[in-house]
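To start, the structure under review is shown below, and the notes come after it.
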Amino acid sequence: MSTFFSNRVRHLGLLGLLLSGVALADDEEELPPLDEEDWESIVPFLQSSQPPPDAPLAMPGEPQPAEPALVRPEAPWLSGIAAPLPTESAPPPIRTPLAVPQKDPLTRQESWPYVLGAAFGAYVGGSMGYWAGDTIAEGNGSDLRSARTSGAVIGSLVGGAAGMSTVALIDHIRPGWEMSDEDVLFMGSASTLGAFTAYQLGRTFVDPDDADQQRRIVLAGALGSIAGMGLVVAVNDAPNATSMAHVDLGAGVGWLAGTGIGDIAGWDIEADRAKRAPVTLAATLATVGAVATLEALGAPRPDASVTAVSLAHGTWIGAWSPFLFTSKPKENEITGGLRLGLGGGYVLSRFIAPFGPADARSLGLQAAGFTAGAALGAGIPLAVGVEPQEDLVQRRTVIVPMLIGGALGHIGGAAIAPHYNLSDNDAALLSVLGAWTAYQAAGWSAYSSIESEDTSQHLGNVLTAAGGGTALALGMAPVIELEPAESLLAASFGGWGTWYAAWGGYLMGFDSRETWALTLTAGNVALLGSAALMAGPVRADWGDLAYIDGLGLIGAASGAMIGLVASPDVEPVATLGLIGSTVGLGAGLYFAARKQGGNNPIGALSVADLGIDIPGEAKVAVRPWVDEAGDPGVWVDLSVTDW
């Protein structure tokens, strides 16, 4: 029966080749022709696969008739098989015993385990090779340092290859094995942190006089890396990838802060490693623990922009920190301060993250708050006479408030940002107050430079004025509501207060410093007082601004001109100028209060809420004029009707 079966298979194969039109040749030998017995076995099979002659034919578009069931020819050699033949029209799928399931090609994500295995193996192998360097040096008599370096290089190559081979072996044994991004990041982070911890512990406790100290420290790091990897295997539950990234960032920041502390303290990297290593390790682990706790609690994470601004401010604070210990810090001490400041900036960003997402308003308030706080913190001590050049105590009296003020201003800006909404009117007021702050800073600079060579006090006055003005402007803008015309009118009243104080101090015989102090103070009082008045019952518009300032300037110029013509002395000019400006401002206030629409489409200054009833209606006419001598001039006609 086996011969019969093989013949049938052979003839079916030949038939398929003949029907497909493929000619085969094997070593140029021709296939034997089919004999009569072969055709007798093939023809019945072909006839059994044809549809019956009475089967209907389906036209295009009509449902196709069901195909008849496949009937296999009778074969005595199949009679001994117990399994029934399928009667469905479609034959069962062909399964090849030799077929091996093929895996998809490696994607980038699937290649990460190989990268991790190579890195881990290279580090451990390099550490072992470094350890074996002494044996290499003893064997061939080479230099110890060169032998250790060669051993580390060879060990890294061998270890990297072994690590990749290990991953490949696991991948072959377990074809469905996969490693997620979280797993890879968790393994890399844990092994790195383990190596760092063990390395720093080795630097702390290994005797510096031990001839084998370096090899012991390096081997400790390798063992720590293995321990970290073992921790991952034991936990078997990788945290979120984003959380792990923030923890890793915290580890780097903590390391920077720890090394910065060592640099500021002046500790040498090798000679004082027993001091530097534990401080660096403690700062790193403390930051890792804090960030991991925040991530576990679901605390908000800072945006990249908030982190950048916080790092910049922290760096500035860190740059000043070495001056708390010495007047002339060394280069490594300044570098350490910068590192420490970066760490502080990151901590600051995590602290302000709950205040809300970052936007242009929040970042601007953080920057303005930091600037104002630092300026006030340093300016006030300098303004009252603290001399930072004298001794360390006075220097700290200036630097410490400056650093604390900057940090508090940064935090305060972030805290009020979600509730700090500025309208167009607020923006106009903020612009006016910003210009006024610049004037005040310049004025106080002039005040401190008169009859004084104390540059520290000079700087303190400027910083205090700038910082105080910035803080005042930021605080006033969203609190009071002033129209743009009212903001400018308040600034003009500040200018008039400055005018009266300056000439008043001169007429009263004040010296220059006293006059400057009176002038700057009176201007501030006039601006704030008028702003408070217009934020209350009084309203003003552009027409009121023109009336008040225009007539005030006319009165001041007219009075000063009369005094200049009448006497060569300054006193009559000052006196008549003040009188004229008073008359002009009074007239401007009166006419502004009595005007009725007309030339002013915006509105009118209402004093009804003050309980003041001014009778009459004022009208102003201004036109060119030529006197009897032909000299040009200006004619101002003031008239009051309905008195």
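To keep it simple, each residue is scored yes or no on (1) outside any helix (DSSP H, G or I); (2) out of contact with any Ser or Thr (no Cβ under 9 Å at 6 or more places or on another chain); (3) of a type in the set (Val, Ile, Thr); (4) open to solvent by 30 Å² or more (accessible area, probe 1.4 Å).
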residue: 374; (1), (2), (3), (4): no, yes, no, no
residue: 380; (1), (2), (3), (4): no, no, yes, yes
residue: 386; (1), (2), (3), (4): yes, no, yes, no
residue: 394; (1), (2), (3), (4): no, yes, no, yes
residue: 399; (1), (2), (3), (4): no, no, yes, no
residue: 415; (1), (2), (3), (4): no, yes, no, yes
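Among the residues of segment 268-288, is any closer than 20 Å to residue 208 by Cβ and of a type in the set (S, T, N, Q)?
yes
Between residues in segment 529-557 that are within 20 Å of residue 498 (Cβ to Cβ) and residues that are buried (at least 23 other Cβ atoms within 10 Å of the Cβ) and among the polar types (S, T, N, Q), which pairs lie under 7 Å by C-beta distance while being six or more apart or on different chains?
As it stands, the answer is 552/581; 555/581; 556/581, since those pairs meet every condition given.
Determine whether segment 533-551 contains at least one residue that is over 15 Å from residue 491 (Cα atoms), surrounded by fewer than 18 Cβ atoms within 10 Å (Cβ to Cβ) and touching a helix residue (DSSP H, G or I) at 6+ places or on another chain (Cβ under 6 Å).
Taking every residue of segment 533-551 in turn, at least one turns out to be over 15 Å from residue 491 (Cα atoms), surrounded by fewer than 18 Cβ atoms within 10 Å (Cβ to Cβ) and touching a helix residue (DSSP H, G or I) at 6+ places or on another chain (Cβ under 6 Å).
For segment 569-617, which residues satisfy the criterion of being modelled with pLDDT of 80 or more and either at positive phi or in a loop (DSSP other than H, G, I, E, B) (or both)?
569
Please verify whether residue 370 is open to solvent by 40 Å² or more (accessible area, probe 1.4 Å), aromatic (Phe, Trp, Tyr) and either touching a residue at least 24 places away in the same chain (Cβ under 8 Å) or not in a helix (DSSP H, G or I) (or both), treating the condition exactly as stated.
On the way: open to solvent by 40 Å² or more (accessible area, probe 1.4 Å): no; aromatic (Phe, Trp, Tyr): yes; either touching a residue at least 24 places away in the same chain (Cβ under 8 Å) or not in a helix (DSSP H, G or I) (or both): yes.
Criteria not met by residue 370.
Of the residues that make up segment 403-411, is at least one under 18 Å from residue 308 (Cα atoms), assigned to a helix (DSSP H, G or I) and open to solvent by 50 Å² or more (accessible area, probe 1.4 Å)?
Yes, there is a match, as at least one residue in segment 403-411 is under 18 Å from residue 308 (Cα atoms), assigned to a helix (DSSP H, G or I) and open to solvent by 50 Å² or more (accessible area, probe 1.4 Å).
Could you please find all residues in segment 501-532 being closer than 21 Å to residue 432 by Cα and open to solvent by 20 Å² or more (accessible area, probe 1.4 Å)?
Selection gives 521, 522, 524, 525, 526, 528, 529, 532.
Taking segment 459-489 as the search range and keeping residues that are in a helix (DSSP H, G or I) and over 24 Å from residue 371 (Cβ atoms), which one is most open to solvent (accessible area, probe 1.4 Å)? It would help to see each step written out before you state the result.
First pass over segment 459-489, keeping only residues in a helix (DSSP H, G or I): 459-476, 484-489.
Next, from what is left, pick out any that are over 24 Å from residue 371 (Cβ atoms): 484-486, 488-489.
Values: 484: 45, 485: 4, 486: 3, 488: 76, 489: 6 Å².
Out of the qualifying residues, it is 488.
Name the residue, out of 262, 266, that is in contact (Cβ under 8 Å) with a residue 40 or more places away in the chain, farther than 29 Å from residue 187 by Cα and either of a type in the set (D, E, K, R) or open to solvent by 40 Å² or more (accessible area, probe 1.4 Å) (or both). Walk me through it before giving the result.
Values: 262 fails: either of a type in the set (D, E, K, R) or open to solvent by 40 Å² or more (accessible area, probe 1.4 Å) (or both).
Only one candidate qualifies: 266.
If the Cβ limit is 7 Å and pairs must be 6+ apart or interchain, which residue in segment 424-444 that is more than 12 Å from residue 461 (Cα to Cα) and part of a helix (DSSP H, G or I) pairs with which residue that is modelled with pLDDT of 80 or more and of a type in the set (Val, Ile, Thr)?
437/470
The values are calculated or read from the model by the stated rules, or taken from the named source; none is laboratory data. All of these numbers come straight from a predicted model, not from anything done at the bench. Backbone-built Cβ (ideal geometry, glycine too); neighbour counts: all protein chains shown. With ligands, DNA and RNA removed, areas are computed over all heavy atoms of the protein, side chains included. Shrake-Rupley method; radii C 1.70, N 1.55, O 1.52, S 1.80 Å.
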